[in-house]
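The numbers here are math on the coordinates, done by the rules we state, and not lab data. Note that the structure is predicted; figures quoted are calculated from it, not measured. Virtual Cβ from ideal backbone geometry, glycine too; neighbours counted across all protein chains shown.
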Amino acid sequence: AMITLRQLLDHAAENGYGMPAFNANNMEQLHAIMEAAKECDSPAIVQASAGARKYAGVPFYRHLMEAAVENYPEVPLVVHLDHGANPGMCMRAIQSGFTSVMMDGSLREDGKTPADYDYNVNVTRRTVEMAHAGGVSVEGEIGVLGSLETGEAGKEDGVGAEGKMDKDKLLTDPEEAAQFVRDTHVDALAIACGTSHGAYKFTRPPTGDILAISRIKEIHQRLPNTHLVMHGSSQVPQEWLEIINQYGGEIPETYGVPVEEVQEGIKNGVRKVNIDTDLRLASTGAVRKHLAENKSNFDPRKFLQASTDAMKEICKARYEAFGSAGMA
Ligand code: G3H
Ligand code: 13P
Ligand code: ZN
């Protein structure tokens, strides 16, 4: 059944677990996320970026999520808009059946320019009023995602702020976060703690100076009843980087967020953990390997099945690691 983000994260908080929220663009990703949830007896969060809705097409996306509910009636499912750019985009997602939306007012509508506090409150509060009137949940964001190492938003095109960032914005201020929750009444709050989107988060395995889980603790102490959200939380598995490079890929050395650091976050109020890159890496690695090892195959179902299987393993590992397995 479809449920709201608020319902799911309230349950997660009561039971001390975190929910991976997986980005999905196509049927194979939906299959992987839902099949893994069913096998782990976990609820699921599927999220669509604006790019995902454009890629699949809005009607296709709507029917994909309806198919997920029909095919997996035992899995409580939240369908969430990731990084909504303005209240209108959130409204359109609600109209197409989403039970949760993110209004990301930390950036202006271009998705690149950091916004000021008043702009963020204004667009987020308007979205909350609209969404709550229809029983839909809202995630807001305070602080700007970006690397504490380089001061940049991440190297992946089109995701997040552009160019060099003000370093003090890259860590959410607990006092400002508290004011933001009072001003907007969001159901969940995305915070900045040194992670960034994409595969290029850290040039070395992260330590406390570049991945500030300590900042999450401070925010949680100030806001014990707010569900916190970590973006840019892919682990960037070294084994998948190796497989991609072994089979013709060229991905330079890079590191993501260790699962233990996410678990530390979950002990401190993190309830939603956004993961996109890990599924992309597993899918790409599996397809490269399959095609290299099956040179005469030209049935796309074969390599897409390999992709689905690889993504499903990632999903299962996250449901287990974050404690949502057995909670459906
Ligand atoms: O927030 C960023 C997600 O990784 C989605 O990326 O805009 O390429 O779908 P996308
Ligand atoms: P990753 O790029 O680390 O998977 O983060 C995804 C994300 O935060 C989507 O909103
Ligand atoms: Zn994000």
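Between the listed residues Pro206, Phe22, Met89, the Cα displaced farthest toward the positive end of the dipole of segment 5-322, a dipole computed from Cβ unit charges relative to the Cα centre, is found at Met89. Applying the Karplus relation 6.51 cos²θ - 1.76 cosθ + 1.60 with θ = phi - 60° to segment 52-69 yields 3J(HN,Hα) values of 5, 5, 6, 5, 6, x, 4, x, 4, 5, 4, 6, 4, 6, 5, 5, 4, 5 Hz, where x marks Gly and Pro.
Using a Gaussian network model of the chain whose springs link C-alpha atoms within less than 10 Å, name the residue from Asp276, Asp104, Asp118 with the highest mean-square fluctuation. Of the options given, Asp118 has the highest mean-square fluctuation. Highest mean packing comes first when the peptides 41-54, 195-208, 66-79 are listed by Cβ atoms within 10 Å, giving 41-54, 195-208, 66-79. Amide H to amide H, with H built 1.01 Å from N, Val101 comes under 5 Å of Leu81, Ser137, Val138, Glu139, counting only residues 5 or more places away or on other chains. Of the cross-linked pairs Lys267/Lys289; Lys38/Lys201; Lys112/Lys272; Lys54/Lys312; Lys167/Lys267, those separated by over 29 Å at the C-alpha level are Lys267/Lys289; Lys38/Lys201. Highest GNM mean-square fluctuation among Met34, Met102, Met65, for the chain modelled with Cα contacts below 10 Å: Met65. Using θ = phi - 60° in the Karplus curve 6.51 cos²θ - 1.76 cosθ + 1.60, the 3J(HN,Hα) couplings for segment 206-216 round to x, 10, x, 6, 10, 10, 9, 5, 4, 5, 4 Hz; x is entered for Gly and Pro.
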